[in-house]
Amino acid sequence: MKYSRWKWPFGGVWLGLIFALSFLAWAFRATTQVERPGTPVSVRGKVLSLKNSELMVAGPSGEVKVSLADKTVIRGEVAIKLSEIAPGMYLGTTATKQADGSFLASEVHVFSEDQRGTGEGHRPLGSAPQSGATMTNANVERVEDVLVREVKGRLLKLKYKGGEVNVLVPPDIPVVKRVRGDRSLLKPGAEVSVTATAGTDGATTAAQITVRAPAR
């Protein structure tokens, strides 16, 4: 006697549906999962409002709520003259490599003294690694006034752990210095960069806030 094997009607369809539902459930959990406590969070955008200790920032992906704590450090950027850059300063510069091996700066920001050592080194620009631009955070060892193609600039010898580079700073690029400030700098419309951490309750608490200098 032959026995016929019983088959679940529309078996392939049901299995496919079950798989799809399982995948959607996993995707929902993945997209709604909050950051782990202590995870570093970077936020960049414009201030919408500051109410008590709640800062609202309009970022590229929407509005972000950031809590301020008693230990939150707030810094502002003030424009300085190129001639004010001197040996001993610790600064960061975005630049591109030239044919002679030096680098041409497109932006310079002098760190406040309590930031000395921040991100020290020479590397491709993180926000645009394919552009060929670099970011160098280093100490100024030497400053020379030079004339290149009839343009007077300053040649900086920057030294960091593991190396050094020469950076030519033309006179028409933004040069700013970071200084310690307070919450009065957090005005609506101000552009800010926030370094924060995620808490156990999912809230984001700012460790440092830099208020960017207005574009020239």
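Each value in this text was obtained by applying a stated rule to the coordinates, not by laboratory testing. This structure is a prediction, so every number in the text was calculated from the model and none was measured. All Cβ positions, glycine included, derive from the backbone under ideal geometry; neighbour counts span all protein chains shown.
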Which ³J(HN,Hα) values, rounded to whole Hz and listed in residue order, are derived for the range 64-76 from phi using the Karplus coefficients 6.51, -1.76 and 1.60 in 6.51 cos²θ - 1.76 cosθ + 1.60 with θ = phi - 60°, glycine and proline given as x?
-> 10, 9, 10, 8, 9, 10, 4, 8, 5, 8, 10, 10, x
Taking N as its residue count, the alpha carbon Rg of the range 86-172 over 2.2 N^0.38 Å = 1.03
Virtual spin-label span in nm between SER61 and GLN98, 7 Å along Cα→Cβ = 3.9
With DSSP loop assignment and no more than 14 other C-beta atoms within 10 Å, the trypsin sites (Lys or Arg not before Pro) in the range 114-189 are ARG116, ARG149, LYS161
In percent, what relative contact order does the range 86-172 have, based on Cα pairs under 8 Å that are 6 or more apart in sequence?
-> 30
Given a Förster radius of 35 Å and the C-beta distance between ARG44 and GLU84 as r, what FRET efficiency does 1/(1 + (r/R0)^6) yield to the nearest 0.05?
-> 0.85
One finds, for ARG142 and ASP70 with R0 = 35 angstrom and r their Cβ-Cβ distance, a FRET efficiency to the nearest 0.05 of 0.30
Identify the GluC sites (Glu not before Pro) of the range 57-165 meeting these criteria: DSSP loop state and at most 10 other C-beta atoms within 10 Å of the C-beta.
-> GLU150
